[in-house]
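The values are calculated or read from the model by the stated rules, or taken from the named source; none is laboratory data. In this text, all values refer to a predicted model and were calculated from it rather than measured experimentally. Every residue, glycine as well, gets a Cβ built from its backbone with ideal geometry; the counts of neighbours run over all protein chains shown. With ligands, DNA and RNA removed, areas are computed over all heavy atoms of the protein, side chains included. Shrake-Rupley method; radii C 1.70, N 1.55, O 1.52, S 1.80 Å.
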Amino acid sequence: QIGNRVWADADGDGIQDAAETGIANVVLVLYDANGALLARTSTNAKGEYYFDSSNGVEPNSSYFIAVDSTQYGALGLLVNGTNYGFTSVSETSNDNTDSDAVFNGMIDNVPSIAITTADAGNNDHDYDFGFTLEGGTENNYLINPPHVTITPTCIGDGIAVIYGPNNT
């Protein structure tokens, strides 16, 4: 069995803290090493998810676990009427509490985790996805995006709007 948790990383540090809650109803997808879809599952009320042999998981095999592209787009993760941004990947040595997902471009341009299962009989519940709260509802996010500075700037005869983190 593989999987574990999708959680709201309130402080954005990529580490699950005691008060940080799981995110329910996130759809996660399991792909084999060649990118073939094997299974889908949704997180429970605690943000937990799991894949096992009934989903095609075999010992000593490579897989990708990814957020379903129907819930992840330009605004981040949209679930339960709330937008979440992608948290930083933690550099902690405690794999039980860090965010493991990255954007590697391999799977639908969504956060994913590349894994290799262990020998038969071993469970690995260390595959976690952290997301930061990014502005509340979808409409609020569109009107007031987080981490973006909007600066009108005169360029030649017109005005350009430069936007992005740190005006870049």
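The numbered conditions (1) modelled with pLDDT under 75; (2) surrounded by 15 or more Cβ atoms within 10 Å (Cβ to Cβ); (3) under 16 Å from Val6 (Cβ atoms) are all true for Gly135 except (3).
Filtering segment 11-25 to residues that are open to solvent by 30 Å² or more (accessible area, probe 1.4 Å), over 18 Å from Val89 (Cα atoms) and touching a residue at least 24 places away in the same chain (Cβ under 8 Å) leaves only Asn25. Take Thr82 and tell me if it is at pLDDT below 95, open to solvent by less than 60 Å² (accessible area, probe 1.4 Å) and over 14 Å from Thr116 (Cα atoms). When the stated conditions are applied, Thr82 passes them. The set of residues from segment 32-53 being open to solvent by 30 Å² or more (accessible area, probe 1.4 Å) and either in contact with a Pro (Cβ under 9 Å, 6 or more places away or on another chain) or hydroxyl-bearing (Ser, Thr, Tyr) (or both) comprises Thr41, Ser42, Tyr50, Ser53. In segment 1-110, counting only strands (runs of 3 or more DSSP E) that sit wholly within it, the ones holding 1 or more residues that are in contact with a His (Cβ under 9 Å, 6 or more places away or on another chain) span 2-8, 48-51, 82-86.
Against the definition (among the hydrophobic types (A, V, I, L, M, F, W, C), at pLDDT 85 or above and either over 14 Å from Val26 (Cβ atoms) or open to solvent by less than 60 Å² (accessible area, probe 1.4 Å) (or both)), how does Val89 come out, yes or no? Judged against the criteria, Val89 is not a match. Being surrounded by 15 or more Cβ atoms within 10 Å (Cβ to Cβ) and modelled with pLDDT of 95 or more is true of Leu28.
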